[in-house]
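Read the structure below first, then the notes.
The values are calculated or read from the model by the stated rules, or taken from the named source; none is laboratory data. What you are looking at is a predicted structure, and each value in this text was computed from that prediction instead of being measured. Don't worry about glycine lacking a Cβ; one is built from the backbone with ideal geometry, like all the others, and counts go over all protein chains shown.
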Amino acid sequence: MHVPVQAIDREIWRDGIASEGTRLIPEETPLALTYNGGTYAVMMGTPQNMEDFAVGFSLDEGIIKSVDDIKSLEVVRLDDGIELRMWLAPEDAVLISERRRRVAGPTGCGICGIESIAEAVRPAAVVPCGQTFTPEQIMAAMQAIAPLQSINMQTRAVHAAAFWSPAGGIVALREDVGRHNALDKLAGALARSRTDARGGMMLLTSRVSVEMVQKTAAIGAPVMVAVSAPTALAVRTAEAAGITLIAIARQDGFEVFSHGDRVIARHAQEVADVA
């Protein structure tokens, strides 16, 4: 149950003929996030990179401001799920008790259990200017994702979130059955490695909804690129947050929905670098 991929027996029908075999499919496990002994949320997700998920969720939800705010973190594997036990300073724990969800979040839910419309559409953090990128860099970054998706190569059923920088290429990539979880895991991986997200791009294999923009803004990345389309609210939120939102990124190109000034032709960037 706590492995990310399972081999499951199934019956196969092709051209009216039945046969038997196994298929590799992703696991889905309840993940309970607790702070100072109290449960804050229970999400469904892929049981992999649990420390990254705990840290990234805490940062993206605004529960902590820095990875250093978590005094201890323990991953407890139970029979029916995984508990991520975190301990914060007493003053931080008081704030959590005021906004604890105590709800279950299904796999596709990014902001389940909130208590008001205002909380759902809260303004995202404003990101710094960041650097510019060429179309060639954007296309190369997106094409680099697939070979690194180990779980998806086996199952064809999970999302990925990755961080790309001009100097390091794909710096980190995380996978999950939930696209929000994948981004939280990536946020945690970057925070734990002390990676500054201002110099690169967030890459998503999913559509872009408002909470994906909010999480990217919390991470501090100035550019996000996705294979699918954004929602209108996601575009408005990215515009307000100063994020360059690029979507529908395919082999033949992409579309820019906000702050297109960070995307410049290669020759223009070469001139700028020389200057």
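(1) aliphatic (A, V, I, L, M); (2) modelled with pLDDT of 95 or more; (3) under 30 Å from Val5 (Cα atoms): which one isn't true of Ile111, the others all being true?
For Ile111, the exception is condition (2).
Determine, yes or no, whether Ala238 is touching a residue at least 24 places away in the same chain (Cβ under 8 Å), part of a helix (DSSP H, G or I) and over 22 Å from Asp52 (Cβ atoms).
In short, yes.
So which residues in the range 214-233 are out of contact with any Phe, Trp or Tyr (no Cβ under 8 Å at 6 or more places or on another chain) and within 21 Å of Val158 (Cβ to Cβ)?
Lys215, Thr216, Ile219, Met224, Ala226, Val227, Ser228, Ala229
Does at least one position in the range 41-60 carry a residue that is over 22 Å from the mean Cα position of the chain (by Cα) and either surrounded by 13 or more Cβ atoms within 10 Å (Cβ to Cβ) or of a type outside the set (Lys, Arg) (or both)?
The answer is no, given that none of the residues of the range 41-60 is over 22 Å from the mean Cα position of the chain (by Cα) and either surrounded by 13 or more Cβ atoms within 10 Å (Cβ to Cβ) or of a type outside the set (Lys, Arg) (or both).
Determine whether the range 14-30 contains at least one residue that is without any contact (Cβ under 8 Å) to a residue 40 or more places away in the chain, of a type outside the set (A, V, I, L, M), assigned to a loop (DSSP other than H, G, I, E, B) and farther than 24 Å from Ala182 by Cα.
yes
Yes or no, residue by residue, for (1) buried (at least 24 other Cβ atoms within 10 Å of the Cβ); (2) in the same structural domain as Gln214 (by TED's automatic domain parsing); (3) under 22 Å from Val256 (Cβ atoms):
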residue: Val127; (1), (2), (3): no, no, yes
residue: Gln143; (1), (2), (3): no, yes, yes
residue: Leu148; (1), (2), (3): no, yes, no
residue: Ile151; (1), (2), (3): no, yes, no
residue: Thr155; (1), (2), (3): no, yes, no
residue: Pro166; (1), (2), (3): no, yes, yes
residue: Leu173; (1), (2), (3): no, yes, no
residue: Val177; (1), (2), (3): no, yes, no
residue: Lys185; (1), (2), (3): yes, yes, no
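Working carefully through the options Arg207, Arg250, find the one that is more than 28 Å from Val67 (Cβ to Cβ), in contact (Cβ under 8 Å) with a residue 24 or more places away in the chain and basic (Lys, Arg).
Arg207
hydroxyl-bearing (Ser, Thr, Tyr), under 22 Å from Glu51 (Cα atoms) and at pLDDT 95 or above: which single residue out of Ser228, Ser193 fits that description?
After ruling out the rest, the residue left standing is Ser193.
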